[in-house]
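Values quoted throughout were computed directly from the atomic coordinates according to the rules given, and no laboratory measurement underlies them. Note that the structure is a prediction, hence the values are computed from the model and not measured. So basically every Cβ, Gly included, is an ideal-geometry build from the backbone, and we count neighbours across all protein chains shown.
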Amino acid sequence: MDLDFTAILPSLPYILKGIGVTLKIVLVAGLLGFAFGIILAIFKISKYKALHWFADIYTSIFRGTPLILQLMIIYYGAPQIIGFEISSYYAAVASFSLNSAAYISEIIRAGILAVDKGQKEAAQALGVPGNRMMWDIILPQALKNILPALMNEFITLTKESAIVTVIAANDIMRRAYIVGGDQYRFFEPMIFAGMIYYLMVISLTFVGKLVERRLRQSD
């Protein structure tokens, strides 16, 4: 067995710099996916069939195809159509946010439908406009109920962000692979990269439980 973790010690700062790249992609894609997911969820419960169909078709496409395929289409295929290249960062953010929006929309839709109908009836009886009722009454209650599911989606996004390695984005995984190639030792840097992802997921899980606990206390 030829293992020597001390051999990669000088390269650890280089790998750690990938955390910033990973978080930058995940945070921006997560926020955009969440915002677009809300819009799609509202489309799905809309009385207008065209909006409903659009949201359903969109969700079907992005949930029915591999994320890595979507990433490669945007990074390698889109320039053929739009006429200019897209950076690996913007391609990653675009593909992750579009994909995440499909899953988040289903989570939010289920949360909206789970809100007690009495809330809607009471708001209508008080003459609250439909848009204001959705944003001020229904959505806040729905989001409180689906917070664990949203955190799980964000955690999944964090782990899946590692596939940006295929488009040469200098995230954690890419840097670990480069170190392995330079030193002809892949096991040690990959294990270190895995530890970083694990600690990130554990941290996100802790934050999610903390927020959920505070929301319960505020009820």
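What the table shows:
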| quantity | calculated |
| --- | --- |
| Cα gyration tensor of the chain - equivalent ellipsoid semi-axes, whole Å, descending | 39, 23, 11 |
| 18 Å Cα-Cα reach of Lys44 towards lysines, excluding residues that sit fewer than 8 places from it in its own chain | Lys117, Lys120 |
| Residue range of the chain that is longest and free of chymotrypsin sites (Phe, Trp or Tyr not before Pro) which are both DSSP loop and sparsely packed (at most 15 other C-beta within 10 Å) | 85-183 |
| Lysines whose Cα lies under 19 Å from that of Lys209, excluding same-chain neighbours fewer than 8 positions away | Lys144, Lys159 |
| Residue-count net charge about Leu31 - beta-carbon cut-off 15 Å; Lys, Arg +1, Asp, Glu -1 | 0 |
| Coarse-grained scattering of segment 39-160 at q = 0.11, 0.18 Å⁻¹, given as base-10 log I(q)/I(0) from a Debye sum over alpha-carbon atoms | -0.48, -0.99 |
| Translational diffusion of segment 1-58, µm² s⁻¹ [Kirkwood Rh, Cα pairs; Stokes-Einstein; 37 °C; 0.692 mPa s] | 218 µm²/s |
